[in-house]
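Bear in mind that the values in this text are calculations on the coordinates, not laboratory data. In this text the structure is predicted, and so the values were computed from the model without any measurement. Backbone-built Cβ (ideal geometry, glycine too); neighbour counts: all protein chains shown.
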């Protein structure tokens, strides 16, 4: 009997059903984002790198269909319907509006979400411990987050009295955030003025309303829309010498004064792990929603110097990252 080469053995095993090197099945995944492909590219890179660590590589055993709303929430229902029609094995939705659109489009396809602020209050899951629906994933909030952000504002600006808050009333997930902010603001003696920002057409009137109110600080609620336009928002604030507290570190990275937030990279990596578990047979209704256990304070010293702001020493020492 002739001795077979390693290549011949490998080929034989590939051809044998259930062999050690048998071809894995190909999965189909839908990706629904509220911002744009370009804006989310760094996070997509992290997400797909984690999936590859888990054994899924696009073009090999993973087909990915992507749709992005470009910051326009009104496009999400149609985009979600397009993706559901492709019959994916799992649908990944980033932030609350895409997750809600996905759940309205399907009650059977598993939905994994990331960066969803309060999945229970907006109806994405029944409860965090046992979602009870076809969705699970990673929540981005805890009950004390908004209050802690305003406490930091008070530490940096003890004499501050007025805060302008950028808010999209079309985003259901922002409603409880605004309520939490107003409650925390009262306790800290801060008067909050909510400025609506629903689309690109609202920027000029929103900026004029902010200037007219003469606030001591700008507070930007994190969302796909504000993330997409973070550079524009930060540029406006800094050009008016208006300090800002931002909901994501990415705002500080483009010049925002400070941010206190969950880690987006960790959210995307955790979501990839959920997808792996579901593709291996786990039911989303039984997978507890993961909540962030730590938040990061990022301070931009370059912007602080330009705005004439001095951070308290204790805050500087406690910062997770300082941009110089």
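Quick one: work out the % antiparallel among DSSP beta bridges in the range 50-160, nearest 5.
Values: 0 of 9 bridges.
Restricted to the range 50-160, the bridges split so that about 0 percent are antiparallel.
From the P(r) of the range 32-119, can you give the percent of Cα pairs sitting at distances over 16 Å? Don't jump to the answer; show the numbers that get you there.
Values: 2020 of 3828 pairs.
Tail fraction, whole percent: 53.
Using Cα pairs closer than 8 Å and at least 6 residues apart in sequence, work out the relative contact order for the range 52-166, in percent.
Numbers: 123 pairs, mean separation 19.0, N = 115.
Value for the range 52-166: 17 percent.
As a test, work out the antiparallel percent of DSSP beta bridges whose residues both lie in the range 168-320, rounded to the nearest 5.
On the way: 4 of 9 bridges.
Of the beta bridges lying entirely in the range 168-320, close to 45 percent run antiparallel.
For the chain, what does -39500 (n - 2.57) per DSSP helix run (n ≥ 4), summed and divided by total residues, give at 222 nm, in deg cm²/dmol to the nearest 500? Intermediate values should be presented prior to the final figure.
On the way: 13 runs with 130 residues, N = 324.
Result for the chain, helices only: -12000 deg cm²/dmol.
Could you list 241, 149, 162, 154 so that the one with the fewest beta carbons within 10 Å of its beta carbon is first and the one with the most is last?
On the way: 241 10, 149 23, 162 13, 154 17.
Ascending Cβ contact count within 10 Å gives the list 241, 162, 154, 149.
For the range 105-181 and the range 47-69, compute the distance between their C-alpha centroids and round to whole Å.
What the calculation gives is 27 Å, centre to centre.
On a full-extension model of 0.36 nm per residue, what is the gain between residue 188 and residue 24, subtracting their alpha-carbon distance, rounded to one decimal in nm? The partial results should precede the final answer.
Numbers: separation 164, 0.36 × 164 = 59.04 nm, distance 5.70 nm.
The span from residue 188 to residue 24 would gain 53.3 nm if fully extended.
Once label points are set 7 Å from the Cα along Cα→Cβ at both residue 155 and residue 36, what is their separation, rounded to one decimal in nm?
3.5
Would you mind calculating the gained length between residue 75 and residue 170 on full extension (0.36 nm times residue separation, minus the Cα-Cα distance), in nm to one decimal? Don't jump to the answer; show the numbers that get you there.
Details: separation 95, 0.36 × 95 = 34.20 nm, distance 1.25 nm.
Result: 33.0 nm gained on full extension.
Would you mind ranking 75, 67 so that the residue whose beta carbon has the fewest other beta carbons within 10 Å leads the list? Spell out each step's value before the answer.
Working: 75 15, 67 19.
Ordered by Cβ neighbours within 10 Å, fewest first: 75, 67.
Taking the Cβ of each residue in 36, 140 as the centre, tally the other Cβ atoms inside 10 Å and list the residues starting with the fewest. Could the numbers behind the result be given before it?
Values: 36 15, 140 27.
Result, fewest neighbours first: 36, 140.
Share of antiparallel DSSP beta bridges in the chain, in percent to the nearest 5? Provide the component values of the computation, followed by the final result.
Details: 4 of 43 bridges.
Taking every DSSP beta bridge within the chain, about 10 percent pair in antiparallel fashion.
Starting from the Kirkwood radius over alpha-carbon pairs of the range 66-172, derive D by Stokes-Einstein at 37 °C in a medium of 0.692 mPa s and give it in µm² s⁻¹. Mind dumping the intermediate values first?
Details: Rh = 15.5 Å.
Answer, rounded: 212 µm²/s.
Please compute the modelled spin-label separation between residue 126 and residue 198, points set 7 Å along Cα→Cβ, answer in nm with one decimal.
Label-label distance for residue 198 and residue 126, simple model: 3.4 nm.
Multiply the residue gap between residue 285 and residue 212 by 0.36 nm, knock off their C-alpha separation, and tell me the result in nm, one decimal place. Kindly include the intermediate steps, with their values, before the conclusion.
Numbers: separation 73, 0.36 × 73 = 26.28 nm, distance 4.79 nm.
Here the answer is 21.5 nm.
Ranked highest first by average number of other Cβ atoms within 10 Å, how do 223-232, 281-290 line up?
Working: 223-232: 23.0, 281-290: 15.2.
Order by mean packing, descending: 223-232, 281-290.
Over the residues of the chain, compute the C-alpha Rg and express it relative to 2.2 N^0.38 Å. Please report the intermediate quantities before stating the final value.
Working: Rg = 22.5 Å, N = 324, 2.2 N^0.38 = 19.8 Å.
Taking N as the residue count of the chain, the ratio is 1.14.
Any chance you could give the angle, 0 to 90 degrees and rounded to 10, that helix 96-105 forms with the longest Cα principal axis of the chain?
Roughly 40 degrees between the two axes.
For the peptides 51-59, 173-181, what is the packing order when you average, over each peptide's residues, the other Cβ atoms within 10 Å and list the highest mean first?
So the order, starting with the most tightly packed, is 173-181, 51-59.
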